[in-house]
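Enquirer: The structure is given below, and queries will be raised subsequently.
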Amino acid sequence: MALNRRQFLIGAGGLAAAATTMGLGACAPGSSGGGSQGGGGSGTNLALAWWGNPTRNKNTQAMIDAYMKANPDVKISGQPGEFNSYWDKLATQTAGGQAPDIIQMDMNYIAEYGTRGALLDLSKVDVSKFVEGTVDSGKINDKLVGVNAGINSALIFANPKVFEKAKMDLPDDKTWTWDQMIEVGAEVASKAGVPLGVASLLQSDALFGTFVRQHGKELFTPDGLGFDVAEAQAWFDLLLKGQKAKAFGTPEQVSEEQPKPLDQSAIVVGNAAMQYYNSNQLEAVAGAAGGELMKMLRGPSLAGKATERKTWYKASMLWSASAKTKNPEAAIAWINWFANTPDAANIDLAERGIPPNTEILAEVKPKLSPAQQAVAKYISDIKTEVATTPIAPPPGGGTIATVIFRHGTDVLFGKTSSAEGAQKFVDEMKSNLKV
């Protein structure tokens, strides 16, 4: 099955939050079970679940094998999954008290599990060498329930060939504003003869998050939604302005881009000069584009200052453990091994994102591919521009990308005004949140 672009971006597929919430609600405190129950015999049995791709599957199994070789008393059963089914399966397992011992977790759903006591306290994992700000991603109610498995950051990829065709230089991403992004997008689309100057902004909850933060708000606060109708309408008005300027494409082109497989996405096939992605996706996009390495551009700011764009180091994914595991110390030991040892890092390299442990990154950096090294350099370059880490989306907050896309599409098609669309967007998000 082709992997659509939205699934690729969030790494979690569809709207599993609802199923997750239902499943966790059925998980009675004190229920027995857990992935580590095993089939008798001596030693420690652990189940480890993750979603991924063929490369990640191969790497993870190799890490499991290496760990078991070094720890012969531990047996780890791998449970690889597909994006579409991973979260429904995990919710069902958790509800039945049979959650895997070690769980690959996503930022959109960690609060769904963490606030319901389904995740183990990981405070014993050594995160002392992690880059500042990369530990907080896994904290729910001040308890560490997810350990960052890799760093990325939301940005815009630029296709150098399209800019060359337009006989234009790439924009100065340290000084451009949102309005200048529209101007550049319109100019390059016109001169290069491509339909999209900038693609996929509408479904970018992360860039919307920086836009909101530049207005002094947050996507979420401990009390619920952190922004209001004014910020949402300003975002929709920006999209309308870009559409009118012919920088973002027609409403049809915008809506049609969302479900496309990666190898058919606009920037890959040369139909867009720029497109929203996350930094750790550079290698996959380059591979789909026949080896063409895209240029990484910082997202714009209101004032044209990169230090004021309010970006953050995102956790591409995290490691969590089930609160019901029969072997909590063994689960913690494996997560600690992944986060802090060259043995694990030399296998996975930067497949899950740039390692947050600075010593581990130094160990593997010479072995990274050219694309991964470019990403590592970008992550290092923006260090002085990174703001505080936002809180994880509260239960129900993981729906934001889908909700903003739906209401934003209605605005672009003229089915509703930006004010009405913003009100509906905010109202639906407030009703989705369970705080």
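The values are calculated or read from the model by the stated rules, or taken from the named source; none is laboratory data. What you see is a predicted model, and the numbers here were worked out from it, not measured in a lab. Virtual Cβ from ideal backbone geometry, glycine too; neighbours counted across all protein chains shown. Only protein heavy atoms, including side chains, enter the accessible area calculation; ligands, DNA and RNA are left aside. Shrake-Rupley method; radii C 1.70, N 1.55, O 1.52, S 1.80 Å.
Enquirer: Taking a probe of 1.4 angstrom, what is the accessible area of residue 215 in Å², to the nearest 10?
Expert: 80 Å²
Enquirer: Given a 1.4 angstrom probe, I'd like the percentage of the accessible area of segment 249-312 that is carbon and sulfur, rounded to a whole number.
Expert: 46 percent
Enquirer: Can I ask one more? May I ask you to give the solvent-accessible area per residue for segment 201-262, in square angstrom, as obtained with a 1.4 angstrom probe?
Expert: About 38 Å² of surface per residue is accessible.
Enquirer: Pull up all non-local amide H partners of residue 150: gap of 5 or more, or a different chain, and H-to-H distance under 5 Å with H placed in the peptide plane.
Expert: When sequence neighbours closer than 5 places are left aside, the close amide H contacts are 316, 317.
Enquirer: Keeping every protein chain present and rolling a 1.4 Å probe, give me the accessible area per residue for segment 296-387 in Å².
Expert: 37 Å²
Enquirer: Which FRET efficiency value, to the nearest 0.05, do you get for residue 66 and residue 132 by plugging their Cβ-Cβ distance into 1/(1 + (r/R0)^6) with R0 = 35 Å?
Expert: Computed FRET efficiency for residue 66 and residue 132: 0.75.
Enquirer: Rounded, prolate or oblate: pick one for segment 293-435, where a ≥ b ≥ c are the square roots of the eigenvalues of its C-alpha gyration tensor, a/c under 1.5 means rounded, and failing that, prolate if a/b is larger than b/c, else oblate.
Expert: oblate
Enquirer: Among 223, 65, 126, determine the one that fluctuates most according to a GNM of the chain built with springs between C-alpha atoms less than 10 Å apart.
Expert: Of the options given, 223 has the highest mean-square fluctuation.
Enquirer: In debye, nearest 20, what is the charge dipole magnitude of the chain about its Cα centre with +1 on Lys and Arg Cβ and -1 on Asp and Glu Cβ, if you could check?
Expert: 240 debye
Enquirer: Compute the helix-to-body angle for 54-70: its Cα long axis versus the longest principal axis of the chain, expressed 0 to 90° and rounded to tens.
Expert: Result, in degrees: 30.
Enquirer: Which shape class applies to segment 232-316: rounded if a/c is under 1.5, otherwise prolate when a/b exceeds b/c and oblate if not, where a ≥ b ≥ c are the square roots of the Cα gyration tensor eigenvalues?
Expert: Cα axes put segment 232-316 in the oblate bin.
Enquirer: Is the C-alpha gyration tensor of segment 150-283 telling us rounded, prolate or oblate? Criteria: a/c under 1.5 is rounded; beyond that, a/b larger than b/c is prolate, otherwise oblate.
Expert: prolate
Enquirer: Could you do me a favour and compute the accessible area per residue for segment 51-174, 1.4 Å probe, result in Å²?
Expert: Per-residue value: 43 Å².
Enquirer: Here's another thing I want to ask about it. Going through segment 67-176, which GluC sites (Glu not before Pro) have at most 13 other Cβ atoms within 10 Å and a DSSP loop state?
Expert: Sparse-neighbourhood loop GluC sites (Glu not before Pro): 132.
Enquirer: For the chain, modelled as a Gaussian network with Cα springs under 10 Å, which listed residue fluctuates most, 311, 250, 94?
Expert: Highest fluctuation among the options: 250.
Enquirer: Same structure, new question: Springs between alpha-carbon atoms under 10 Å, Gaussian network over the chain: tell me which of 109, 277, 378 tops the mean-square fluctuations.
Expert: In the Gaussian network model the winner is 378.
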